[in-house]
Amino acid sequence: MKRSIITGITGQDGCYLAQQLINKGYEVIGLVRDLNQINDSGLKHIGILDKIRLEQVDLLSESAIVDSLTKFKPTFFYNLAAQSSVSNSFIEPTQTLLFNISSVINILEAIRKTDINIKFYQASSSEMFGKVVHLPVSEQTVLHPLSPYAISKASAHWITVNYREAYGLFTCCGILFNHDSYLRPMNFFTKKVIRTAIEISKGRKEFLEVGNIDVKRDFGYAPKYVEAMILMMEKEIADDYLICSGESIYLRDIIEYVFSKLNISTQKIVVNKSLYRPAEIMDMYGANYKAKAVLGWKYDMTYFDVLDILIQEELHNW
Ligand code: NAP
């Protein structure tokens with residue numbers, strides 16, 4: 001049986017990735033930072049907590065990673081662990097940069113020293129592109145990151161490419177645009193909008209407070225984006241791929257759609273300029289031609305389709 005190690009298994013993508021790998025017959029081992037304080041709500045929600053093995057490993061320790069590679073002898077290593085919030089990265093830049101970069105170097109060094117046949121996936125981010133000049137963004141677009149998070153992801157991305165080019169390792173980067181699901185934490189935009197809207201509809205909250213909503217982003221559905229990660233790792237040749245819907249939508253339109261579904265007035269939206277980011281990207285969307293053509297990845301959902309699923313799931317689990 002093929003074995004996959006996943007870091008960040010408690011996160012949104014980690015949960016869906018583990019579920020899809022299990023469904024394909026893989027054994028899944030999740031590396032977590034603290035077994036005594038594990039947030040297993042997502043794994044429980046999708047019903048796979050008892051189908052995976054969890055191990056406590058400090059990703060800032062190369063020797064600890066070497067030990068787990070030696071112990072488990074995985075075929076695949078999916079690296080999803082990261083301080084993943086752009087807003088938090090402005091509050092904790094040092095911690096974000098330190099963890100998001102050092103963990104990747106440690107894993108790649110551990111693979112290089114233990115077993116160069118382990119296939120490695122790095123969770124890169126569209127935030128790396130930052131200040132874009134030409135749209136749509138493609139795999140060739142120059143990186144100009146605009147936040148500590150984006151800088152950390154850009155460094156980790158190039159480290160991953162470097163281990164492919166310098167040592168011949170199978171390393172691939174999925175450059176994913178924003179993608180959501182019921183499992184998204186509350187500090188992310190769409191989750192906050194839907195949950196707050198439900199609370200307003202139940203009379204428990206007065207307003208939805210937001211930052212700059214006159215910006216556009218390319219949003220998608222997490223379980224579908226995770227499929228692309230597996231397709232990349234199943235290829236013979238390692239490469240990097242943009243995973244996105246191919247179109248952007250105003251944050252304001254997302255709120256208005258959710259509010260209309262729950263019969264809430266748009267007068268309940270309060271824009272707070274103190275929530276604006278220090279540096280903002282006004283519009284961004286990507287081209288997913290390469291992923292569709294080379295990987296055979298299929299994606300045809302609009303973000304309104306995704307919102308319908310998310311609103312239903314949130315109401316169902318309320
Ligand atoms: P998420 O829900 O925030 O999950 C992050 C995961 O990283 C959690 O399992 C968390 O574990 C783990 N983690 C954080 N800091 C850690 C540390 N110091 N040591 C060990 N583990 C740590 O993120 P996601 O949405 O699933 O995203 C997965 C990956 O894709 C991330 O690398 C993210 O940056 C990247 N990405 C996401 C998106 C998106 O739209 N979702 C887009 C592009 C790229 P705990 O449970 O212990 O906190």
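What follows draws every value from the coordinates through simple rules; no lab data is involved. Everything quoted here is computed from the prediction, not taken from an experiment. Ideal geometry is used to build each Cβ from the backbone, glycine not excepted, and the neighbour counts take in all protein chains shown.
For this structure, a couple of remarks:
- Charge sum, other residues only, whose C-beta stays under 11 Å from residue 188's C-beta, Lys/Arg counted +1 and Asp/Glu -1: +3
- Sequence-distant lysines (8 or more away, or on other chains) whose Cα lies within less than 28 Å of residue 119: 2, 24, 44, 51, 71, 73, 153, 224, 235, 290, 292, 298
- Residues 234, 55, sorted so that the one with the fewest Cβ neighbours within 10 Å comes first: 234, 55
- With Cα atoms, 0 to 90° folded angle of helix 93-114 axis to the chain main axis: 30
- Largest GNM mean-square fluctuation across 251, 146, 98, computed for the chain with C-alpha springs under 10 Å, falls on 98.
- FRET efficiency for residue 73 and residue 239, using Cβ-Cβ distance with R0 set to 30 Å, rounded to 0.05: 0.75
- Helix-only arithmetic for the chain: the sum of -39500 (n - 2.57) across DSSP H runs with n ≥ 4, divided by the residue total, places the mean residue ellipticity at 222 nm at -12500 deg cm²/dmol.
- Relative contact order for region 104-185: 41 percent, from Cα pairs under 8 Å spaced at least 6 residues apart, divided by residue count.
- Per residue, the average separation of C-alpha pairs within less than 8 Å and at least 6 apart gives the chain a relative contact order of 17 percent.
- Enclosed volume per residue, in Å³, of the convex hull spanned by Cα atoms of region 189-318: 117
- Principal axis dimensions, the chain - Cα atoms, whole angstrom, descending: 59, 45, 38
- You can think of it this way: the chain between residue 207 and residue 263 has 18.8 nm of extra reach, that is 0.36 nm per residue less the Cα-Cα gap.
- Among 261, 131, 224: highest mean-square fluctuation, GNM of the chain, C-alpha pairs under 10 Å: 261
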